[in-house]
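A.B. asks: Submitted below is the structure of interest, expressed as structure tokens.
The values are calculated or read from the model by the stated rules, or taken from the named source; none is laboratory data. The structure displayed is predicted, hence computed values, not measured ones. Glycine gets a Cβ as well: all are built from the backbone with ideal geometry, and neighbour counts include every protein chain shown. The protein model used for the area step is the full one, side chains on, heavy atoms only, and it has no ligands, DNA or RNA in it. Shrake-Rupley method; radii C 1.70, N 1.55, O 1.52, S 1.80 Å.
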Amino acid sequence: MGTRFLLALCLVLLVLSCEIQGLPQDEPASPPLLAQVKESLSSYWGSAKAAAQGLYEKTYLNNMDEKIRDLYSKGSAAMSTYAGIFTDQLLTLLKGE
């Protein structure tokens, strides 16, 4: 199966590398289709990226970020306190004192 795949791959590459010679044209040749598609996709990607960056910068709120960080720190402090109390109670229960 490996040799068949290699043979098929070589044939496909050979076919893709062959150039079809047509009649000479008076007008300049347009860029290949793949180059046009690549250019189009890169321009779409650039515009989408710029739009997403603009939305992110517009919606980013510093005070909301600070509130979320404060809430997280208070919540994690409370959870660590309650986890310590639970661990202490569980160890006391297991020791039987």
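A.B. asks: Give the stretch 45-60 a look and list any residue that's of a type outside the set (Ser, Thr, Tyr) and surrounded by 10 or more Cβ atoms within 10 Å (Cβ to Cβ), or say none.
C.D. replies: Taking the stretch 45-60 first, the residues of a type outside the set (Ser, Thr, Tyr) are 45-46, 48-55, 57-58.
Once the filter is applied, which keeps residues that are of a type outside the set (Ser, Thr, Tyr) and surrounded by 10 or more Cβ atoms within 10 Å (Cβ to Cβ), the stretch 45-60 yields TRP45, GLY46, ALA48, LYS49, ALA50, ALA51, ALA52, GLN53, GLY54, LEU55.
A.B. asks: In the stretch 32-66, how many residues are of a type in the set (D, E, K, R) and at pLDDT below 85?
C.D. replies: Residues in the stretch 32-66 being of a type in the set (D, E, K, R) and at pLDDT below 85: 4 in total.
A.B. asks: Only one of SER42, SER73 is of a type in the set (Gly, Ala, Ser), surrounded by 10 or more Cβ atoms within 10 Å (Cβ to Cβ) and over 26 Å from the mean Cα position of the chain (by Cα); which?
C.D. replies: From the options SER42, SER73, the qualifying one is SER73.
A.B. asks: Within the stretch 76-97, can you find the residues that are assigned to a loop (DSSP other than H, G, I, E, B) and open to solvent by less than 80 Å² (accessible area, probe 1.4 Å)? Reasoning before the result, please.
C.D. replies: Taking the stretch 76-97 first, the residues assigned to a loop (DSSP other than H, G, I, E, B) are 96-97.
Listed by number, the list holds a single entry, GLY96.
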